Amino acid sequence: MTNLKKIGLTALAGSLVASTAFAGALSVSGGAKMSYTADTGNEDNHADGNRFGLQKSVGFTGSGELDNGHTVSLAHYIATTGSLSSTILTYDMGDMGKLKYHEKSAAMGIEIIDDLMPTADEEVWNGLDTGGSNETPNGRVSHGGTGFNYTYSAMDGLQVDVGYAPKTTSDARDDGGNQGEGANRSSSSIAIQYTGVEGAKIFIGTGTAGAGATDSDLDTYGFTYAMGPVTIGAQHSEIDYTTASSDLEQDSFGISFAINDNLSISYGMSETEKDGSTVTQDLTGMSVGYSMGGITIKAHTNKGENLQQTAANESEHTEIAVSFAF
């Protein structure tokens, strides 16, 4: 995001919430990004509507230091259209690590490493849906977007993330509110990343995700390795459901090449098998990224076949985006 304008919110916060003893200043940021997007079924249909879009999200961030030297920061990311938004409260304890509480649309624990394959733009699953269901293809480990994440750097090159989602998947509550009774179950997981070997990143994660009245066991591991301008990667993920014949195994691969300091290209693929099914979900994608001065151009085209192990269930997604820094 590009910083657009800084405003002091102390007086405003005091007038709106008179009972609150604390108020501060938040920095407002946003971005200048325009995109062109084409999906399956739209390429030859001139009545499919406008394919151009402008980024419509803003961020409010602020931080302060406590007497013990620790810092507290707050970030609100809000979309001016639709319902996409998230809030992150961070308590930074220095060498003792960071504790974050995410509300909606955030990665915690194992989800931080759900897909670390090298790419010049987006992952191979971005923009694909499962036959109009508005869901991304299966196989990636995930345990919800609302909850706590603790990050600790135990030694040079080693990072540990522990995530906990309390009886929710992706929900938000104002202060004083609660989700109420229901069948939701809590999720917890851990992710470990090691970059102590030059050019390499090795990662592994495990956990349990709650969904309704059932749990699923999550596991993933993989690596990336950079050799000059080339970066390669491989990752294996498993999701074991309590429901019979629904376990998933996914293998992902990626390679990126930095042609020069400004231009990069990449190719990726993944295969997901389902217990009891003879149909394999196949995803492929290509990306390119170019930057020069204050302008960045990125593009990717992804294709999915046999989505969610359903024969002939296909989806394609192509997106070109131009961003300006100022």
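Key figures for this structure:
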{"read-out": "Residues of the stretch 245-274 satisfying the condition of being open to solvent by 80 Å² or more (accessible area, probe 1.4 Å) and touching a residue at least 24 places away in the same chain (Cβ under 8 Å)", "value": "E249, F253, F257, I259, E273"}
{"read-out": "When residues of the stretch 55-108 are limited to those that are acidic (D, E) and surrounded by 16 or more Cβ atoms within 10 Å (Cβ to Cβ), the one farthest from S187 (Cα to Cα)", "value": "D92"}
{"read-out": "Index of the failed condition, S153 passing every other in (1) over 16 Å from the mean Cα position of the chain (by Cα); (2) assigned to a loop (DSSP other than H, G, I, E, B); (3) modelled with pLDDT of 90 or more", "value": "(2)"}
{"read-out": "Subset of the stretch 204-223 [part of a strand (DSSP E or B) and surrounded by fewer than 21 Cβ atoms within 10 Å (Cβ to Cβ)]", "value": "I204, T206, T208, A211, T214, D215, D217, D219, Y221, F223"}
{"read-out": "Pairs where the first residue, in the stretch 157-170, is hydroxyl-bearing (S, T, Y) and modelled with pLDDT of 85 or more and the second is open to solvent by 30 Å² or more (accessible area, probe 1.4 Å) and not in a loop (DSSP other than H, G, I, E, B), C-beta under 9 Å, 6+ apart", "value": "Y164/F148; Y164/Y150; Y164/S188"}
{"read-out": "Filter pass, H317 being more than 21 Å from F223 (Cβ to Cβ), modelled with pLDDT of 95 or more, open to solvent by less than 70 Å² (accessible area, probe 1.4 Å) and not aliphatic (A, V, I, L, M)", "value": "no"}
{"read-out": "Filtered residues of the stretch 180-199 (kept if modelled with pLDDT under 95, of a type outside the set (D, E) and open to solvent by 60 Å² or more (accessible area, probe 1.4 Å))", "value": "G182, A183, N184, R185, V197"}
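The values are calculated or read from the model by the stated rules, or taken from the named source; none is laboratory data. Every value quoted in this text rests on a predicted model; they were computed, and no experiment measured them. When we count neighbours, we look across all protein chains shown, and the Cβ atoms used for this are built from the backbone with ideal geometry, even at glycine. Protein only, heavy atoms only, side chains kept; ligands, DNA and RNA dropped before computing areas. Shrake-Rupley method; radii C 1.70, N 1.55, O 1.52, S 1.80 Å.
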